[in-house]
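This report refers to the structure that appears directly beneath it.
Rule-based calculations on the coordinates, nothing more; no lab input. If you're wondering where the values come from, they're calculated on a predicted model, not measured in any experiment. So basically every Cβ, Gly included, is an ideal-geometry build from the backbone, and we count neighbours across all protein chains shown.
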Amino acid sequence: MGPAKMGGIPRKVSIAPASAMKEALKELAFDKERMNLDYEVSYECTHHGPSLDVPTVFVELGSSEVQWRDLKAAKAVAEAAMAAATSKESYPTALGIGGLHYNRKFTKLALTGDIAFGHIIPKYAVQLVDLEVLKHCVERTVEKVEKIVLGLEAPIRPS
């Protein structure tokens, strides 16, 4: 939604299938417990490309080779991707604004409630957003966006 420094097209987002994304999130949370995985499961904000014109779900495993080589966790990611691809579930959908890059508030709302998030605009990108970008995020969500949820959360600081 910003200058696309990490790929994609400036101010363009992919098409977000919010219900499928929620199904992937639920499957990852389930597999984390079932497989005793030592990872945090969360939504990640909309932040870079590719800017595709088909519904796209990003299910990621960490950010280093150590994590990418974790076959048990990779199996959980594959199962989450399959859950997203095969689910017929449909949830009330929201656009999330604010909070951290990995948004615990939106994740908790999705895992404990009946809401799914399409695009999530983190606090650090809010200054890049105007009415055109908001409209673009709503239009590029598969489901009808019924509400905007503000994610005001503070980082956890060590004591």
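Among the residues of segment 138-158, are any assigned to a helix (DSSP H, G or I), under 17 Å from Tyr43 (Cα atoms) and of a type in the set (A, V, I, L, M, F, W, C)? If you could, list the steps in order and put the result at the bottom.
Step one: list which residues in segment 138-158 are assigned to a helix (DSSP H, G or I), which gives 138-139.
So of that shortlist, the ones also under 17 Å from Tyr43 (Cα atoms) come out as none.
No, segment 138-158 has no match at all.
What's the number of the only condition in (1) touching a residue at least 60 places away in the same chain (Cβ under 8 Å); (2) of a type outside the set (S, T, N, Q); (3) assigned to a helix (DSSP H, G or I); (4) surrounded by 18 or more Cβ atoms within 10 Å (Cβ to Cβ) that Leu111 fails to meet?
Here Leu111 clears every test but (4).
For the subset of segment 70-81 comprising residues that are in a helix (DSSP H, G or I) and without any contact (Cβ under 8 Å) to a residue 40 or more places away in the chain, which member is surrounded by the fewest Cβ atoms within 10 Å (Cβ to Cβ)? Spell out how you get there, then give the answer.
Step one: list which residues in segment 70-81 are in a helix (DSSP H, G or I), which gives 71-81.
The next check asks that each one be without any contact (Cβ under 8 Å) to a residue 40 or more places away in the chain; those that pass are 71-74, 78.
Values: Leu71: 8, Lys72: 10, Ala73: 20, Ala74: 14, Ala78: 14.
Going through the qualifying residues, I end up with Leu71.
Hey, can you tell me all the residues within segment 53-81 that are more than 22 Å from Glu143 (Cα to Cα) and among the polar types (S, T, N, Q)?
Within segment 53-81, the subset more than 22 Å from Glu143 (Cα to Cα) is 60-79.
Listed by number, the residues that qualify are Ser63, Ser64, Gln67.
Take the residues in segment 83-108 that are free of Cβ contacts under 8 Å to residues at least 24 places away in the same chain and in a helix (DSSP H, G or I); name whichever of them is nearest to the chain's Cα centre (by Cα).
Quick first cut of segment 83-108, residues free of Cβ contacts under 8 Å to residues at least 24 places away in the same chain only: 86, 88, 108.
Those left that are additionally in a helix (DSSP H, G or I): 86, 108.
Numbers: Thr86: 18, Lys108: 12 Å.
My answer is Lys108.
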